[in-house]
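**Student:** Have a look at the structure that comes next, please.
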Amino acid sequence: MELDVHHLRLVRAIGDTGSLSEAAVVLGVSQPAVSGKLKRLENALGQRLFDRGRATTVTPTPTGELLLSRITAVLPLMEGLVHDIESRTRPAAARPRVGGACSPILGHLPGIAADHLPCGADATLLDSECRDLVVDLVAQRRLEIGLVKDYPGFETTTPACVETAVVAHDPTMVVLPEHHPLARLDVVRLEQLADAEWVLPGPDSTRFHEYFHGTCRAVGFRPRVRHVAESYSTTIAAVRNGAVGLSQAACEGHQQVAVRLLADDVLSRRFVLMWHREGVVAPHAQAVLDAAIKAYHAECHASPVYSRYLS
């Protein structure tokens, strides 16, 4: 029996959520499909990976715990390899490329390249939440400026040829229905949301899902993830219908939702800029970094929600 990426994603989703139905939401499939895939995997391995409890709740067996402990290290590498192989099938861009994780800074990168890099005026923008892919593209000098998100305990590791610098430490906001009881507060504690039904980013944000579930468990509850959103507008739609979502600090104001800061810097992130140490950015790295920091602060002060906290 050979384990592939799909098997590892299945086991990780079940282990993270402790529920077959919630794992189905994370994976974007039906609950019977998750049950069937898990049963086939256990039959092929000849061992149970999870013990079933009431309803659809599950707990890992010793074999399941062993597999889960290895998945955290192995799966990101496998997913990065798959992405890298897929990217090689596309024609190489003739123009410089910049990009990375969706953030307040991402849209500024082409302008930063135009202002500070030779021949940077025609830079193309890549939007990817796959951190390993961004690192690989920078290492291969197929991406001049890369931007990734770091989470405590899930920091970025890069090869020696890639230089990095922190642009900003970004707090997290919780997005609540407009008339939610906690909307009366200026700052919300994560444990106050223990009974919430959550909407989280899509499956490309795998590191954040691990970070989120681990943080919730650390403050005493197992989150119920009911929706997975591919865009922030989809998150807002789910929140308007009763879910609770998350947002980066420099967010826009939306009608019918309330955006509040999470207390104690919980679920925060860092935005990390990267470039090849022998690439075109290297001689201009400080200017590029300064421009990225300036862009981040400009977005924060322009945010109708976060600017209130900054002032």
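Coordinate-derived values only; no laboratory data. Here the structure is a predicted model, which means the values were calculated and not measured. Neighbour counts are summed over all protein chains in view; Cβ atoms, including those assigned to glycine, are modelled from backbone coordinates with ideal geometry.
**Student:** Using only the alpha carbon atoms of the chain, find the Kirkwood hydrodynamic radius as the inverse mean reciprocal pair distance, in angstroms to one decimal.
**Tutor:** Taking every pair of different Cα atoms in the chain, averaging 1/r and inverting gives 20.8 Å.
**Student:** Still on this structure: For the charge dipole of the chain, defined by +1 on Lys and Arg C-beta atoms and -1 on Asp and Glu C-beta atoms about the Cα centroid, which residue among SER30, LEU310, LEU261 has the Cα displaced farthest towards the positive pole?
**Tutor:** It is SER30.
**Student:** Defining a contact as two alpha carbons under 8 Å apart and six or more residues distant in sequence, what relative contact order in percent does the chain show? Spell out each step's value before the answer.
**Tutor:** Numbers: 544 pairs, mean separation 64.4, N = 311.
It rounds to 21 percent for the chain.
**Student:** Moving on. If you project the alpha carbons of region 5-87 onto their three principal axes, what span does each projection cover, largest first, in Å?
**Tutor:** 43, 26, 21
**Student:** In the chain, with Lys and Arg counted as +1 and Asp and Glu as -1 at Cβ, which of these residues, PRO110, HIS169, TRP198, has the Cα nearest the positive end of the dipole, that is, farthest along it?
**Tutor:** It is TRP198, whose Cα lies furthest towards the positive end.
**Student:** Cα convex hull of region 222-311: how many Å³ per residue? If you can, show how the numbers build up before the last one.
**Tutor:** Working: hull volume 14.0 nm³, N = 90.
Normalising the Cα hull of region 222-311 by residue number yields 155 Å³.
**Student:** Additional query: Evaluate the relative contact order of region 172-265 (contact order divided by residue number), counting alpha-carbon pairs under 8 angstrom at least 6 apart; express in whole percent.
**Tutor:** Working: 161 pairs, mean separation 49.7, N = 94.
Rounded, it is 53 percent for region 172-265.
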